[in-house]
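These notes concern the structure reproduced below.
The values are calculated or read from the model by the stated rules, or taken from the named source; none is laboratory data. Note that this is a predicted model, so its numbers are computed, not measured. Neighbour counts are summed over all protein chains in view; Cβ atoms, including those assigned to glycine, are modelled from backbone coordinates with ideal geometry. Side chains included, ligands, DNA and RNA excluded: accessible areas come from the protein's heavy atoms. Shrake-Rupley method; radii C 1.70, N 1.55, O 1.52, S 1.80 Å.
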Amino acid sequence: MAGDPLAAIRPGGGLATILAVFVAASAVVLALITSGSAEPLLLTLLATLAMLGVFFVFGVAAGHIRIGERTPEVEIIKSATDHAPEAMLITERSGRPLYANAALVDLVGRSDTGEIGSLETALGKEAGVSESLFRLMRAAAAGERHREVVQTRIVRRGREQLAWLGIEVDHHTMPGQERDLGPLVVWRIADITAEREREGRHLREIEETLAVYDRMPVGLAAANADGTITTLNATLASWLGLAPGANAGRNIALADVLSGDGAQLVAATMRRGLEKPQGLELDLMREDGRIVPVRLVLSGAGHGVVVIAAVNREREETFAPQSAGADQRLQRFFRSAPFGLATVGADGTITSANAAFARMILDGQSVKGEPAVDVLCRSADAETRATVGASLADVLAGRANVQPVEITVGEGEAFTRRVFMSPLGRGEGAREAAILYCLDTTEQKRLEARFAQSSKMEAVGTLAGGIAHDFNNVLTAIIGFSDFLLESHKPGDPAHRDIMNIKQSASRAAGLVRQLLAYSRKQTLQVEVLDLGELVSDYAPLLTRSIGERIELKIATGRDLWFVKGDKTQMERVLLNLAVNARDAMPDGGRITVRTRNVTERECQKLGHLGLAVGEYVAIEVEDTGTGIPADVLAKIFEPFFTTKGVGKGTGLGLSTVYGIVKQSGGFVFPESTVGKGTTFRILLPRYIPEAETETDQAPQKAARKERPATDLTGTGRVLLVEDEDVVRSFAVRALRSRGYEVLEAATGVEALEVMEANQGRIDIVVSDVVMPEMDGPTLLKALRRKNPDLKIIFVSGYPNDAFKASLGENEQFAFLAKPFSLPELAAKVKEELAR
């Protein structure tokens, strides 16, 4: 059989020989039968064959005759295993031994009954060995592969000796025996004492070599690929102010002993590989903070280990001539500068560069000898390259006052550098013609972009808030007079549908104005104490209906959430807007996850780079598995009227509203997105600690009172209506009179005082606009309170009540109705205040 390793030693041809003899004998017998003298010869032949048959049967039974038999594979394997120096034991999963080779029997012995001894008895004499055997047996029971190295005393050749053993447990299943035996456990025990002794001798040789290195005047160290120093000699330890062997009990990183950008430069050099030694001029930092200038030589030692040799430049400066010492000190200033410095020769190539320049431009790669234009414009476009080239040409020609250039570097051009160029004197023998100064302006650019975005959004918000008042007056009139027309045109009337369309369009416009006010953070918030976990759980059914059946909604609320203060309705609007946006990003279905959790002050400190004020917050995270948002779009998503949806499919105010509501609530919103994977919006609201336990119990009662609709809107009483917009005043007067109230009108605050003077004590409530000529609403209220301290007043305005609340007394009582309002809303508010 092809591929069978035992085929070469199997005896073959026995069955073919027997068949050949049988055929020949049959031919002879047939010939005799056909001859005339067949009878006596046939009888003689039959007797002979019978005798041979008897002998053959007895030979087979005794085992002296074998037909086509091969040597059993089990015997071959057993013979080879018994002569192996590695001990082997095969057991069932339950631990019952099935086979042990001679080396194992020699190791563990046999009992008087002939049974094999146990590994625990033979090896588990030391505490550490027992623990290792326990781990091995646990792996055997779990069907896992495991290996341990132990040192223990064993009995070998009649005497006890200390040995290192490598013990391995593995598993094997015999083909065709799965049901009978199941998976078998194979133990292998190898004596690795000689190998350990060789390692020990090698280690002692290294220690002896290091002892020689300790006395050398050159600092030596070995570092791993991750920058951890594993060994340093006494010379380098003394330069660093460390005791010899100080790094034995702790991890010392390159960043701990190299000042400035030195550690990054060394790490970048190590990453690129060290096919030949690399020299660097850097500064070492002592334990006491002092600097030691050194020349480092890095050399690879294999297996990721780098050998670092250091020459102390401080001693060179001390014993050097005065001029040479000054040059060396100048080189130190050059190397240790916190910003990038490089000199350019007359041919346009870089002649020298400090560590900061190499790190800031090419992530620590060597730039010496390369054309300056190529170094600065490695990933720049043609226009930037032309600008840099022209500036370099001017400075190399000796022209001063060359304007700095902006370049981008790094993966994805994520970092911005500003490069200043200055010519150098072209004295005799001078190699350098210009010097480059490189500053990192990445954070400055980010702050400028963030400030510009914030200013733009603030300007749009101010504009939105400015037009909201006048726009709401117009909408109030449209909605109000539509209500009057609907009272005279019932649903069966042909004009009823037209009137409803007018009212619905006006209401939609009012919604857009509310969104603009939310964005500009000038809307009226009904602030209450909220548990965001309860809010999300209660609102989940509506979210499920809004996102559809193809989207899975997962709610994960944290335990023991802190309280926040906010407007429940507005926070629900935030959730709805984010969920709808996430739905639109998953046209083929997906999953939306809404999480709530506490954010501690420690965690908040890690988010300081996002502009988050340090404190305690409660987070709402809305995560989807959609298409993601590209970086250029992500920077614009909170701008009003910005949308990526088709015409008529979005106003571009959804995320603007989210931004405004969160900001007005004192919170922060941070989007994170990966194209192709999804988007996460993280909202952080400041933690609120209630002053009294009853405060948290009042919120549901307020909400219930707010949601309870008024059924009977009629009432009695005398109302003074103050409104400078004629059309709004006309509607409001007519609305209140139609509900049974006696209404007096005033177009300004001064006129309202005159009406009050003429009707002393006979006015029950005042309904006044806030923004009016001559005298605004708050000033009118103060004047009315002087003679009527208990007078009830309702302010109506397109601005939020927070806009004028600060100008009133701290304990001033008034009601507020936001424009635009409908006829039922005005009547209900007046009736509610009169009933108090």
Among the residues of region 401-411, is any touching a helix residue (DSSP H, G or I) at 6+ places or on another chain (Cβ under 8 Å), open to solvent by 60 Å² or more (accessible area, probe 1.4 Å) and at pLDDT below 80? no
Run I154 past the list (1) at pLDDT below 80; (2) loosely packed, with under 14 Cβ neighbours inside 10 Å; (3) on the phi < 0 side of the Ramachandran plot and report the number of the one that doesn't hold. (2)
Residue match in region 171-183 (condition: surrounded by 12 or more Cβ atoms within 10 Å (Cβ to Cβ), within 30 Å of I308 (Cβ to Cβ), among the aliphatic types (A, V, I, L, M) and modelled with pLDDT under 80): no
Out of F420, F415, I need the residue that is at pLDDT 85 or above and of a type in the set (F, W, Y). Which one? F420
List every residue pair whose Cβ atoms lie under 9 Å apart, where the two residues are 6 or more positions apart in sequence or sit on different chains, the first residue falls within region 367-392 and is without any contact (Cβ under 8 Å) to a residue 60 or more places away in the chain and open to solvent by 50 Å² or more (accessible area, probe 1.4 Å), and the second residue, located anywhere, is in a helix (DSSP H, G or I) and among the β-branched types (V, I, T). R378/I361; R385/V373
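When region 755-780 is examined, which residues are found to be assigned to a helix (DSSP H, G or I), touching a residue at least 12 places away in the same chain (Cβ under 8 Å) and within 12 Å of L720 (Cβ to Cβ)?
V755, M756, L780
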At pLDDT 75 or above, surrounded by fewer than 19 Cβ atoms within 10 Å (Cβ to Cβ) and in a loop (DSSP other than H, G, I, E, B): is that true of G241 in this structure? yes
Of (1) at pLDDT 85 or above; (2) part of a helix (DSSP H, G or I), K445 satisfies all except one. Which? (1)
Step by step: first the residues of region 572-608, then only those that are under 22 Å from the mean Cα position of the chain (by Cα), surrounded by fewer than 19 Cβ atoms within 10 Å (Cβ to Cβ) and β-branched (V, I, T), then the one that is nearest to V529 (Cα to Cα). Which residue is that? T600
Of the residues T557, T544, T569, which single one is among the hydroxyl-bearing types (S, T, Y), surrounded by fewer than 19 Cβ atoms within 10 Å (Cβ to Cβ), closer than 14 Å to A619 by Cβ and out of contact with any Phe, Trp or Tyr (no Cβ under 6 Å at 6 or more places or on another chain)? T557
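Conditions (1) at pLDDT 75 or above; (2) of a type in the set (G, A, S); (3) open to solvent by less than 70 Å² (accessible area, probe 1.4 Å); (4) outside any loop (DSSP other than H, G, I, E, B), marked per residue:
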residue	(1), (2), (3), (4)
T81	no, no, yes, yes
P85	yes, no, no, no
L89	yes, no, yes, yes
V105	yes, no, yes, yes
D112	no, no, no, no
V129	yes, no, yes, yes
S132	yes, yes, yes, yes
M137	yes, no, yes, yes
Kindly state which helices (runs of 4 or more DSSP H) lie completely within region 355-401 and contain at least 1 residues that are over 19 Å from G340 (Cα atoms) and among the hydroxyl-bearing types (S, T, Y). 382-396
If a residue must be modelled with pLDDT of 85 or more and either closer than 30 Å to S455 by Cβ or open to solvent by 70 Å² or more (accessible area, probe 1.4 Å) (or both), how many such residues does region 511-540 contain? 2
Considering region 477-510, residues that are in a loop (DSSP other than H, G, I, E, B) and of a type outside the set (D, E), and then whichever is most open to solvent (accessible area, probe 1.4 Å), we arrive at K490
Considering only region 246-276, state which residues are acidic (D, E) and at pLDDT 70 or above. D256, E275
A careful count of residues in region 587-603 that are hydrophobic (A, V, I, L, M, F, W, C) and touching a residue at least 60 places away in the same chain (Cβ under 8 Å) gives 1
Could you tell me whether D440 is closer than 20 Å to G262 by Cα, open to solvent by 10 Å² or more (accessible area, probe 1.4 Å) and modelled with pLDDT of 80 or more? yes
Of (1) closer than 13 Å to A619 by Cβ; (2) open to solvent by less than 20 Å² (accessible area, probe 1.4 Å), P686 satisfies every one except (2)
Can you pull out every residue in region 283-331 that is more than 14 Å from A223 (Cβ to Cβ), at pLDDT 75 or above and in contact with a strand residue (DSSP E or B) (Cβ under 8 Å, 6 or more places away or on another chain)? D283, M285, R286, V292, P293, V294, R295, V311, N312
Search result, residues across region 408-420 that are aliphatic (A, V, I, L, M) and more than 15 Å from A353 (Cβ to Cβ): A414
Quick check: is even one residue across region 157-166 open to solvent by 50 Å² or more (accessible area, probe 1.4 Å), at pLDDT 75 or above and hydrophobic (A, V, I, L, M, F, W, C)? yes
